1. I want to confirm something. Restricting to the stretch 464-518 and keeping residues that are among the acidic types (Asp, Glu) and in a loop (DSSP other than H, G, I, E, B), which single residue is nearest to the chain's Cα centre (by Cα)?
2. Would you please name the residue that is farthest from Lys294 (Cα to Cα), looking only at residues in the stretch 218-246 that are surrounded by fewer than 23 Cβ atoms within 10 Å (Cβ to Cβ) and polar (S, T, N, Q)?
3. For Asp316, all conditions in the list (1) among the charged types (D, E, K, R); (2) under 18 Å from the mean Cα position of the chain (by Cα); (3) surrounded by fewer than 20 Cβ atoms within 10 Å (Cβ to Cβ); (4) within 18 Å of Asn258 (Cβ to Cβ) hold save one; what is the number of the exception?
4. Which pairs turn up if I take residues in the stretch 97-121 that are farther than 16 Å from Ala11 by Cβ and part of a helix (DSSP H, G or I) and look for partners that are at pLDDT 95 or above and among the aromatic types (Phe, Trp, Tyr) with beta carbon separation below 7 Å, at least 6 apart in sequence or on another chain?
5. State yes or no: is Asn394 surrounded by fewer than 24 Cβ atoms within 10 Å (Cβ to Cβ), in contact with a helix residue (DSSP H, G or I) (Cβ under 7 Å, 6 or more places away or on another chain) and without any contact (Cβ under 8 Å) to a residue 24 or more places away in the chain?
6. Residues Gly456, Gly526: which one is within 22 Å of Gly586 (Cα to Cα) and in contact (Cβ under 8 Å) with a residue 24 or more places away in the chain?
7. Determine whether Glu384 is in a helix (DSSP H, G or I) and of a type outside the set (S, T, N, Q).
8. For the stretch 253-273: of the residues being touching a residue at least 40 places away in the same chain (Cβ under 8 Å) and under 21 Å from Glu198 (Cα atoms), which is surrounded by the fewest Cβ atoms within 10 Å (Cβ to Cβ)?
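The values are calculated or read from the model by the stated rules, or taken from the named source; none is laboratory data. Because the structure is a prediction, the values reported are computed rather than measured. We place every Cβ from the backbone using ideal geometry, glycine too, and count neighbours over all the protein chains shown.
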Amino acid sequence: MGLTYHEIMTADLGELEDSARLWRQMGNRFGELKADYNGHVSGPLTSGLWTGLAMNSYAGSAPVTAGQFDAAKTEALAIASILTESHSQLTELQTALKNQVNGAHDAGYKVDDQGQVTYDYARLDPATRNAIHHDPDFQQQVSQRRGEWQTAIDKAVRAIDDADQGCKLALSSASHGDSVNGAYGFNKDANGDIEVAEGQRAAELGKKLEDGKQLSSAEMAELQRLFRDNSDDKAFSRQLLTDIGGADDLIKLTNKLNHEMVYGYGKDHPEDLAAVEKGLAQSLATATSGPHDKFYDDWVDAMKENGRHNFGSNTDPIYGYQTLTGLMLEGGKYDSDLLQTLGNDIIAYEKDKNPALWTGWNALPGTPHDPLNSILGVMGNNPEAATEFLDPQNNDHLKYLIKDREWPGLVMNGGYGPPIEMDDPSMYVGLGDALEAATMDVPGSDMAAHDRVLNGALERLSDKGDDFPPALRQPMATALTNQAGDVYDTMGTIGRGDDVYKEDQLFEVTKQIMRDPNAMTSLNTGLIPEMVDDIQHDTSGQDAESLLRSGRTLGVLEQAQNQAIKLENPDAELPAWKTAIDMGIGHIPHVGGDIQAGVDLVADEWLKGEQERIDKIEAGDYQEGYQNRLTQSEALADLWAQNHTDHPTHSEADLSRLNEAASAGYSDSRIYSGADAG
């Protein structure tokens, strides 16, 4: 049974440091005794003056005795170190728990001796107490906040119990002595690092799983606790990987977990094995994080070597890279250099052998089998790595991934018939994640590289035309909104030749994005802040250049959407379209500042316009044309009037100028749709 809240809050942790001091004194004393033994016993007796059978017997045992003094010192000092580290860890965690309790108290809640949180109504005067008891909104807020404080306190209690269990494990490991002539001796290999001991124990349990043995419920809980408490600790993680046996054994263990997830223990307890895989993944990330050293270099070499090895059979191959990158998807912040190295090696190997070697033979749909897709997915959580890997200035990866590569699919054995080939539902998903990450501008990032990545993606994807991978529609919508300013500048000046991106490429990709209702919603709402910001901060005076740019952008978007509707079956897409519009409020960007109100207004009018479009399609009287965005254009014209005139709403002249620009954008972009201009 774990520690209770009451035990933690009332514990005097100072006794740990007192005990550590005594153990340290004991260790030093054993060192003194060893010196005394050598000087007053062993030295004189082995000086050559004593001979005979007794001397021979003593000579055989003397080194053992001397060794036990050394072992006793090592063990005592290791225990002292563990107790000191325990005191430090537990004190920090106990303080964190007390801070949570104080925070709850300051927010109006109380925590009882069992750690249970309740709202402290006693602090309120009777009138206030009576009023809030009849206020359902307040009661709901109290319940929500109480749950949040309870969760935080429970988490803090568990963290202390996890640390306490680690201290107990380390003490047990350090005090486990060796057998000396049949007697129990001291531990000459005792280690004073708690995390090292925990890494050794996690590896022991992992090897048991690798060997096909089932862990008891207590062992499974212990393994999860070890990962939960330590997977972000480098000493633990490196000890774990070392004791497991290396990259090949990590792959074998992961393969065993994957098999058990589908066919064995995991069928009834999927959360247990998922927690173990996540812990392994996070530990791998921690162990291979910088700075780079011999351990890192050796592990990278081992991952590359074993990544190319088939750990399955000839009929059901499982390559190491498939397993490793699938594991990496489970979690962890991986080193950028590691991701570059593995990604480059996977490309080099498949170019030499053929990407078909990653075909998922009898693999379950959705399970990772394409290691390049997987490593790209991992890069999706590391924008620096994704940008470097996809930057056309550094390599031709974008060209290879979008144009040249034959993406592997799935093959199922057909029984007595030929194998059945099918597409992989996760195809391109990793590339989409990486594209989103590689186009995201954040302070300190390489914005020029992000532009190069997006330009490269537009060039390659526009060439695919209607063969544009559906899995990339939403990621490219996100990528365009990541660079919304430049996209707006291009759309807002279409036909004038002053572009950040090539107009034909941008229009083709926009059209393909519009074929997906959710991606269409993301792109439309994602560009609204640029229009609103341009209008509200326009300094062009009566030239109203922002009105013209906004209008042209609306025209381009409408042309792209109309062309997309022609490519899809509107009736078949209506349910998904309705859902996307109904959920559209969740896509409205929260940019804050002085433009948020305008963003909300324009987005709301766009959503109304889309609902009207759906109604017209259902009624059979839909006609393409810019008129489908009149409600949105009126909202933009109102914003112009509010910011640049003394009128709260637009004039007919303002709206006319915006609509003329929209018609021009609609017409000018039509040439890129494959239709005649007009």
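1. That would be Asp516.
2. Across the stretch 218-246, the extreme among qualifying residues is Gln224.
3. Condition not satisfied by Asp316: (2).
4. Partner pairs satisfying both residue conditions: Ala104/Trp149.
5. Working: surrounded by fewer than 24 Cβ atoms within 10 Å (Cβ to Cβ): yes; in contact with a helix residue (DSSP H, G or I) (Cβ under 7 Å, 6 or more places away or on another chain): yes; without any contact (Cβ under 8 Å) to a residue 24 or more places away in the chain: yes.
It is true that Asn394 is surrounded by fewer than 24 Cβ atoms within 10 Å (Cβ to Cβ), in contact with a helix residue (DSSP H, G or I) (Cβ under 7 Å, 6 or more places away or on another chain) and without any contact (Cβ under 8 Å) to a residue 24 or more places away in the chain.
6. Gly526
7. yes
8. Filtering first and then ranking leaves Asp272.
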